[in-house]
Every structure is written in structure tokens, then in C-alpha cells.
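Taking it in order: structure first as C-alpha cells, then the write-up.
The values are calculated or read from the model by the stated rules, or taken from the named source; none is laboratory data. Computed from a predicted structure; not experimentally measured. Please note: Cβ atoms are built from the backbone with ideal geometry, for glycine as well, and neighbour counts cover all protein chains shown. Each accessible area value is taken on the protein alone, full model and side chains, heavy atoms only, with ligands, DNA and RNA left out. Shrake-Rupley method; radii C 1.70, N 1.55, O 1.52, S 1.80 Å.
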Amino acid sequence: MRGWLPLTLGLLAVVVGAVWTVQGLGYVTGSLMTGQRIWAVLGPLVSLAGLVVLWFGLRSRRRS
């Protein structure tokens, strides 16, 4: 079960970052985040951090 936590958290960060990005860009409506530039900037950063965590999780699983 080694590496499951980083994989889960990384995947969650990628999805949340993607949602924040499309909301910030105005493609998803009905939220206070819609059309706000800060979310269009933070979203890709969170997604990138999630990809890094996923990479470390995959590396950890291969070593065991």
C-alpha cells in the first residue's frame, strides 16, 4: 500500500486545479470563483503540484 496516499492526493490536486482553472477562465458558471483571475492562475499551479506529487508517488511504488 506504499505510495497510495501521494497518488490519491496528487490526483485530487490535479482535478481541483483543473476545476479552478476553468472556473477562473469563466467556462464554468454559477460560482463566486467564475471569471476571477486569481483562480485562473492558482489552478495550474495546484495542478502542477499535483503532478509532482503523483510522480513521487509512482516512484515510491516502483521501488517497493
Q: Starting from the stretch 24-48, keep only residues that are in contact (Cβ under 8 Å) with a residue 40 or more places away in the chain, then list their pairs with residues that are in a helix (DSSP H, G or I) and surrounded by 15 or more Cβ atoms within 10 Å (Cβ to Cβ) whose Cβ atoms are within a distance under 6 Å, requiring at least 6 positions of separation or different chains.
A: none
**Q.** Residue list for the stretch 1-16, filter: over 15 Å from ARG59 (Cβ atoms), open to solvent by less than 30 Å² (accessible area, probe 1.4 Å) and in a loop (DSSP other than H, G, I, E, B)
**A.** none
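Look at VAL19 and say whether it is at pLDDT 95 or above and loosely packed, with under 15 Cβ neighbours inside 10 Å. Steps first, please.
On the way: at pLDDT 95 or above: yes; loosely packed, with under 15 Cβ neighbours inside 10 Å: no.
No; evaluated as a whole, the condition is false for this residue.
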Q: Sort out which residues of the stretch 52-63 are at pLDDT below 85 and open to solvent by 100 Å² or more (accessible area, probe 1.4 Å), and write them in order of number.
A: ARG62, ARG63
Q.
Restricting to the stretch 22-51, name every residue that is open to solvent by 60 Å² or more (accessible area, probe 1.4 Å) and on the phi > 0 side of the Ramachandran plot.
A. GLY30
